[in-house]
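Below you'll find the structure, written out as structure tokens, and then a few comments.
Every read-out reported here was derived from the displayed coordinates using simple, explicitly stated rules and does not represent laboratory data. All figures in this text were calculated on a predicted structure; none of them were measured in a lab. Cβ coordinates were reconstructed from backbone atoms using ideal geometry, including for glycine residues, and neighbour counts include every protein chain displayed.
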Amino acid sequence: MKEAVERCDLALAKWMIDACVPFNVVNSVYYQHAIDAVTAMGPGYKGPTCMLFVVITWQKRLMKSTFMLRLIERFGRRLVAH
């Protein structure tokens with residue numbers, strides 16, 4: 001068991017070094033949650049691609065901008081009047 005933990009820790013450290021991820025990322029409140037989520041997927045899980053992260057980011061931006069446009073359409077006159 002100890003050897004398996006060491007292999008896992010080493011794999012994470014190598015990935016962090018290779019990707020230039022700062023080690024203080026382990027202090028993030030989301031770090032252990034991410035580790036648990038990956039573990040729950042089991043062997044063979046393939047992580048998301050860079051393109052998927054780009055799509056998710058743009059979807060969130062689009063949703064925010066659409067929401068803002070709706071607010072401006074609905075309350076714009078009142079906001080400008082004040």
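At a glance:
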| item | result |
| --- | --- |
| Cut-off 17 Å (backbone N to label point 7 Å along Cα→Cβ of TYR31), residues of segment 1-19 | 6, 8-19 |
| Principal axis dimensions, largest first and in whole angstrom, of segment 1-47 by Cα | 26, 22, 19 |
| Gain upon complete extension [ALA19, THR57; 0.36 nm per residue less C-alpha separation] | 11.7 nm |
| Reciprocal mean inverse distance between Cα atoms of the chain - Kirkwood radius, Å | 16.8 Å |
